[in-house]
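We did not get these values from a lab; they are worked out from the coordinates using the rules stated. Quick caveat: nothing in here was measured; it's all calculated off a predicted structure. Here Cβ is always computed from backbone atoms with ideal geometry, including for glycine, and neighbour counts include all displayed protein chains.
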Amino acid sequence: MTSAVTAGGALGAPRAGLAKPRKARRSSLVGWLFLAPAFAFYAVFVLYPLAMAIQYSFYDWNGISVATPVGFDNYVRVFTDPKLLTSVGNSFFLIIFFTLLPLAAALLIAALLRELRSKFLGTASRTLLFLPQIIPGAAAALAWTWMFSQDGVVNQALRAVGLGGLARAWLGDFQLALPSVGVIGMWINLGFCVVLLLSGIGKIDGSIYEAARIDGSGFWSTLRAVTLPGLRQEIGVCVTMTVISALASFDVVFMSTQGGPGYSTMVPGVFGYQLGFTESRVGLAAALAMMLTVLVLVVIIPLQRIFARED
Amino acid sequence: MRVNRSERFGGGVMLAAAVLFSILPLLSMASAALQPQGTIPVGIQWPSDPQWHNFIDAWNVASITPLLISSAILVLLVVPLAAFLATLAGYALGGLKVRGATVLLLVLMLGLTLPKEATIIPLYYQMRAWGMLNSRVGLAMVLVGTFMPFAVYWMRAHFMSVPGELTEAAQIDGANSWRNFVHIQLPLALPAISSMCILLFLWTWNTFLQALVLIDDPTKRTMAGALQNFVGQYSTDVVLLNAGALLIMAPTILVFLLLFRAQNVPLTRQNAAKRREVEKPLAVSCPGSADCLQGGNASPPALRSPLGAGHPPRVGQVPDGFPTGVPVPDSGVCRSDGRCRRPGARRPRCRAPSAAGPGMTRCWPTGPGMHRHGSAMRSP
């Protein structure tokens, strides 16, 4: 490799015009050598399992005995079984809590933090807001299981303001378990959105804010006219990442409710895990996983287009 | 923007509420963890008689010591390997012209959106067939593969922002691709690599699903992966459960507070420096002129030629799209804020970056005119 590289590099820029085809080929070769190891890991531990998942999804297999091909039966199941459909619907409902609410709050908070005079308070609140993002999702679920429990802070607060009648085991309530799980996701994603949007605000030219100030623009109109358009890309990244975390939520749901009570908080990630590892219905689990993948792509690709467009 | 007092007050309240929302669950855990064992704590309450030894007990029952070692081994296996492979690949995609790179990039992009839940079942059977279940090396390899899309993408973004003139200048000086990579690109990429390493560390440490599925023995998992087993055993003992969970979270929080802040500081400082430069474009801290080059498209190339010696260089701004916080490689002659560490250096010696040896990458090739003046600058 070294000799080829030396020759390619030694030609250098001055003769680039003359030796272009050979040089291009050599630099392609070098490039592929640089790329190969990373791509090998990716292919073996991501692409190959993905291909296997596609294959599994057309078989009926319990993980031990011989698999029997069943055509599209697993996919028909995924689209007709009410429990499976519920799990998909739940994950879409979670987008409200994982994406919309944190993003709206983060926009406000980032705009407020920009205004903040005190450097120390700004850094401190940014750090504290980001904490939920860096602890394991499973631990976050555990913290909130305690918050939402019968003796937890949520009920304690309700009782303190005289609303003790509303106190309940939140994660055990058929109606409210899913929004409660959503609050956990909101807690995790809020700081992520704030930090990302703040870094975006830092890139907006300060003179635009100055101009807005001189023109007498208030907080809200500045937010709408300056901050929001300037943050297009960052908002795009926020939406993409949080939507994926909502559709493919596993850690939080698995540690807080395991999909219960009943199937009220079931999401495809946890359902696939149960089907594949406890019920040994590998084919069906694979079909569900494939549908999850397609769903994520179907949601993400249009979002990418919207936010990537130059304005 | 005009902010009146009531708006400012409302903003402060809102910010305080958000911060409180962020730390309340952790405070509640801490308050429960400090209550006497065997009692049933309520929500959040001031620990009138804090039982610090709860943490020692939880340390033992949650077997934190083996978990720390296990997680550390995994991190040591995953982070250096992933960072090395991703830097190589990122350089190929961002800095070199490789045929077929677009296709590869698209395939990698797929990995960015692919939920890990989608591949976990076949991955289990694959690792079982290869006899790599319950093996940390197996889990580490899976994680390296899983992190590749993001890591490569991250490094590619960095290498795309490095001006191409840098490579050209190195080629003029006779550096081949590998030396160019090792001596010029790599030192420049260190800030990007180090912040990526922090992310990779956090993700490895917080790995849950893969650890749960691929490793049976909880003490061989990551700390997050062991949480599930711990909860199963102590779900009724609220005090110990919270103490243990806090211990399991503590390392990531510590790393975050120590490293993430350190990462952020140069960013904010640089921004401040940038703002100052706008107000005060002339810096007189560089008597030797050419020795003091730094990222500046405002400084005309002439200033950097020997003719320009004696003229104080105009300190400009960091080029657009250049990653902030990038130190001038090697020797620290000039910092990115335009101040020179060695103002007493007698002769301006400015060389185009080359791989001829360490210490050659002193000057920041800034404008497009840089490499044209390369030869002049090499022999002042």
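Computed values, structure above
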{"item": "Net charge of Cβ neighbours under 14 Å - reference A:ALA139; Lys, Arg +1; Asp, Glu -1", "result": "0"}
{"item": "Backbone N within the stretch B:150-171 under 20 Å of label point (7 Å from A:ALA308 Cα along the Cβ vector)", "result": "B:150-161"}
{"item": "Kirkwood Rh and Cα Rg combined as Rg over Rh, evaluated for the stretch A:169-240", "result": "1.20"}
{"item": "Distance between the stretch B:18-48 and the stretch B:172-211 - C-alpha centres, whole angstrom", "result": "40"}
{"item": "Cβ-derived FRET efficiency at R0 56 Å, A:ILE214 paired with A:ASN62, nearest 0.05", "result": "0.20"}
{"item": "Per-residue Cβ neighbour rank within 10 angstrom, fewest leading, B:HIS53, B:HIS183, B:HIS158", "result": "B:HIS53, B:HIS183, B:HIS158"}
{"item": "Centre separation in Å (Cα based) which lies between the stretch B:103-138 and the stretch A:46-95", "result": "17"}
{"item": "Relative contact order, percent, chain A [alpha-carbon distance under 8 Å, six or more residues apart]", "result": "27"}
{"item": "Per-residue Cβ neighbour rank within 10 angstrom, fewest leading, A:SER207, B:SER22", "result": "A:SER207, B:SER22"}
{"item": "5 angstrom amide H check on A:TYR59, placed H, neighbours 5+ away", "result": "A:VAL70"}
{"item": "The stretch A:190-311 - convex hull of the alpha-carbon atoms, volume per residue in Å³", "result": "124"}
{"item": "Cα gyration tensor, chain A - rounded (a/c under 1.5), prolate or oblate", "result": "oblate"}
{"item": "At least 27 Å along the helix axis (C-alpha) and Kyte average at least -1.0, DSSP helices within chain A", "result": "A:20-42, A:177-203, A:282-308"}
{"item": "Three-way shape label, the stretch B:108-154, alpha-carbon gyration tensor, a/c 1.5", "result": "oblate"}
